[in-house]
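Here is the structure we will look at, set down as structure tokens.
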Amino acid sequence: MQSSSKDHQNKYLKYTLWTVATLIVFVIASLATVYFTEIYHGQFWSYLGTSDNRFHAMRIEGLYESIKHHQYFPWINMSFMGGFGYIVNTFYSDLMIYPAAIFRLMGFSISKTFIAFYFLLNVLTFSTSFLSYLKVSKKYWNSLVFSFVYTLSTYRLHDLLFRHDVGELIVFVFLPIAFLGIYEIFYGKRQNWWYLTIGMTAIIYSHALSPILVAIVIVLIALCQYKELKIHPKRILSLVYAAITSLLLSLAYFLPMLEQMKHTDFNLAHSAISLSAGALELQDLIDASLNNVVTQPVIGLLMMTLAVIIFASYKKIDNPAVKHFSLLGAGLLVMSTRIFPWGILDKTPLKALQYPWRLDIVISIMIAIFIAYDPLHILKGRLGKMGMILVVMLLTVSASSRLGHTADAINTYAQYNKLETYSIGAGQEYLPVGTSPAALKERGHKPEVRSGKVKISDFKQDWSTLTLDYKNAKNAKVDLPIIGYYGYQATTKGNTSAVTMDKNNQNLAQVNLNGSGKLTVSYVQTNVQKYSRIFSVLSLIVMIVWFVADKFGFKFKKISHK
């Protein structure tokens with residue numbers, strides 16, 4: 001009995017030591033990844049101005065400022081455009097950037113916030129990818145290979161070091177969980193469909209376009225598993241369960257977005273970007289990948305090599321899931337270029353992708369599955385797998401250091417901390433049609449009488465709330481220095497009414513005034529916004545209760561049976 005207890009203690013100690021050692025490896029790799037571009041010599045590599053980086057910096061800054069103003073779940077980011085406001089929060093959920101806002105609340109500058117947040121995302125991506133692969137394979141070193149190849153994939157480094165696309169980086173954290181769910185539904189234990197629910201819901205709240213990529217993969221895998229689905233149709237039922245629960249959890253995102261689109265015509269509905277124009281030439285993809293640069297949206301030297309190997313040896317892959325994922329990854333890589341006639345999809349919902357190279361997000365994980373499974377026995381033994389990890393680290397440090405020494409975008413922390421409030425994204429998607437940021441910047445931040453007569457005084461703006469005193473107003477139409485998004489309410493003389501949007505003047509919020517009094521305009525959460533959040537939270541609670549009850553019920557049955 002004592003011997004058994006001692007063996008159990010030794011096993012637990014060994015498990016703990018391996019866990020700590022693995023986490024230390026992830027921490028070191030996470031720091032090494034960003035060292036040359038964000039820590040070395042106290043400099044931060046990034047293009048300033050209207051870049052993705054500045055856009056996401058403003059998202060974080062706006063959430064931080066909202067929390068300081070006791071608005072903990074804001075719908076409009078008032079930091080954008082000098083206080084005119086940008087309804088980015090409704091279309092691009094800020095749920096996943098709260099850790100970054102907390103870093104700001106702790107006193108971090110915006111540059112150090114990014115460094116801390118990137119470090120956190122790196123560690124989390126290493127961890128979720130490692131644990132997801134381990135759940136299926138039960139093999140430590142294969143899972144470690146998968147986590148390194150995936151987390152340090154060239155396209156992810158492009159997002160991390162060059163584009164600074166925070167949304168896609170967060171997607172990389174949850175994508176392995178979604179793929180674990182896809183695997184379980186179509187190849188494994190279909191009762192584990194909730195992995196797809198968790199992964200897909202988190203991806204929806206991370207980046208608006210990435211769920212489309214996951215949906216494409218699900219459709220393609222379903223086609224590959226058509227015969228299996230005919231034999232075991234309950235797998236389709238599990239997919240339906242995952243889709244319904246994910247939708248319920250995401251109502252707090254989808255319904256408010258649809259409500260705004262119902263009331264306002266946004267630029268995002270009129271994207272001029274053609275899918276074919278946004279695709280890379282195959283030769284450009286090959287050249288940039290072989291050079292292993294992170295300045296282009298490509299998959300890099302390692303994954304390009306692996307894609308060629310997949311095409312050449314797919315018949316030797318004995319595992320159906322690995323074969324399907326690998327071939328789809330390599331096939332989508334070719335499709336992401338202009339070889340595929342993307343122009344024919346410009347009239348379909350897939351146009352929302354904007355750039356076909358976004359497929360690299362799912363291509364990266366599918367090719368990583370191939371090398372981690374190692375069907376060709378390329379990585380023989382522990383040394384072979386350690387060698388692959390070392391190769392990945394060397395390629396990462398090489399690409400990172402080369403970028404970090406590119407002088408045209410090296411900034412001191414002080415330079416980086418100066419934000420560009422009009423950096424709202426190249427497409428300006430969440431502005432009403434007819435709004436010009438340049439015109440807003442020129443007009444100044446004050447009320448403007450558009451018609452009628454009125455005397456205005458003591459105008460103030462406290463975040464999303466505006467107040468002013470007015471006298472002797474007679475049929476006065478006054479435009480206020482905020483975009484008139486649906487949800488703004490005007491209160492005067494005890495009466496509350498919705499503001500209108502002046503489509504002839506940059507879509508500013510407009511109010512009608514008569515007589516004298518005090519006007520207060522503020523954003524009020526709509527019923528759709530309020531109840532969709534409540535419904536999603538209740539759905540989450542029900543799902544947690546169901547999950548816990550199911551697990552405890554299972555254990556109880558086992559005990560009572562004995």
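The values are calculated or read from the model by the stated rules, or taken from the named source; none is laboratory data. The structure displayed is predicted, hence computed values, not measured ones. Every residue, glycine as well, gets a Cβ built from its backbone with ideal geometry; the counts of neighbours run over all protein chains shown. What goes into the accessible areas is simple: the full protein's heavy atoms, side chains included, and nothing from ligands, DNA or RNA. Shrake-Rupley method; radii C 1.70, N 1.55, O 1.52, S 1.80 Å.
Taking every DSSP helix (H) stretch of at least 4 residues in the chain, weighting each as -39,500 (n - 2.57) and dividing the sum by the residue count yields a mean residue ellipticity at 222 nm of -18000 deg cm²/dmol. Using 0.36 nm per residue and subtracting the Cα-Cα separation, the extra length available between VAL537 and LYS453 on full extension is 25.5 nm. What percent of all Cα-Cα pairs in the stretch 64-198 falls in each 5 Å bin, counting up from 0? Percent of pairs per bin, in order: 2, 9, 15, 17, 17, 14, 11, 7, 5, 2, 0.
Ligands, DNA and RNA are left out, and with a 1.4 angstrom probe the accessible area of the stretch 43-168 is 28 Å² per residue.
Inverting the pair-averaged 1/r between distinct Cα atoms of the stretch 406-540 gives 17.3 Å as its Kirkwood hydrodynamic radius.
Relative to its Kirkwood radius, the Cα radius of gyration of the stretch 308-366 gives an Rg/Rh of 1.05. Across the alpha-carbon atoms of the stretch 170-209, the computed radius of gyration and Dmax are 9.9, 29 angstrom. Overall shape of the stretch 285-426 was characterised from the C-alpha gyration tensor. The equivalent ellipsoid obtained from it has semi-axes of 31, 24, 12 Å, in decreasing order.
Structure note, pairs LYS446/LYS477; LYS446/LYS518; LYS234/LYS551: Cα-Cα distances above 18 angstrom occur for LYS234/LYS551.
Comparing the stretch 11-62 with the 2.2 N^0.38 Å rule of thumb, its C-alpha radius of gyration ratio is 1.77 (two decimals). Taking 0.36 nm per residue of sequence separation and removing the Cα-Cα distance, the ILE378/SER109 pair yields an extension gain of 92.3 nm. Using a simple spin-label model with pseudo-atoms 7 Å out from Cα toward Cβ, LEU223 and PHE311 lie 1.8 nm apart. The modelled label-to-label distance between SER271 and TYR140, using points 7 Å beyond Cα along the C-beta direction, is 4.5 nm.
The alpha carbons of the chain occupy a box of 89, 65, 54 Å along the principal axes, longest dimension given first. For the stretch 214-302, the spread of Cα positions along the three principal axes, ordered from largest to smallest, is 46, 45, 20 Å. If you sort the three axes of the alpha carbon gyration tensor as a ≥ b ≥ c, you get a/c of 1.5 or more for the stretch 85-142 and a/b no higher than b/c, which makes it oblate. Computed in the context of the full set of protein chains, the accessible area of the stretch 66-200 at 1.4 Å probe radius has 68% of its extent on carbon or sulfur.
Only helices reaching 27 angstrom along their own axis (Cα) with mean Kyte-Doolittle hydropathy no lower than 0.5 count here, and for the DSSP H runs of the chain these are 110-137, 166-186, 381-404, 527-561. Largest accessible area first, the listed residues ILE67, ILE544, ILE344 line up as ILE344, ILE544, ILE67 when surface is computed with a 1.4 Å probe on the assembled protein chains.
Segment ILE24..TYR98, full-extension length gain: 24.2 nm, with 0.36 nm per residue of separation and the alpha-carbon distance subtracted.
Using the Cα coordinates of the stretch 372-435, the gyration tensor eigenvalues translate into equivalent-ellipsoid semi-axes of 43, 21, 9 Å, sorted from longest to shortest. Per-peptide packing, taken as the mean over residues of other Cβ atoms within 10 Å, places 418-424, 281-287 in the sequence 418-424, 281-287 from highest down. Summarising the label geometry, the points placed 7 Å from Cα in the beta-carbon direction at ILE286 and ARG402 lie 1.8 nm from one another.
Note on LYS551 and LYS530: with the Förster distance fixed at 30 Å, the Cβ-Cβ geometry gives a FRET efficiency of about 0.40. Per residue, the convex hull spanned by the alpha carbons of the stretch 151-295 comes to 150 Å³. Extents of the stretch 432-475, largest first, come to 33, 25, 18 Å (Cα atoms, principal axes, whole angstrom). Relative intensity of the stretch 59-120 on a log10 scale, I(q)/I(0) at q = 0.14, 0.22 Å⁻¹, equals -0.35, -0.85, per a Debye sum over C-alpha point scatterers of equal strength in the absence of solvent. Counting pairwise Cα distances across the stretch 268-366, what percent come out greater than 23 angstrom? Roughly 30 percent, rounded to a whole number.
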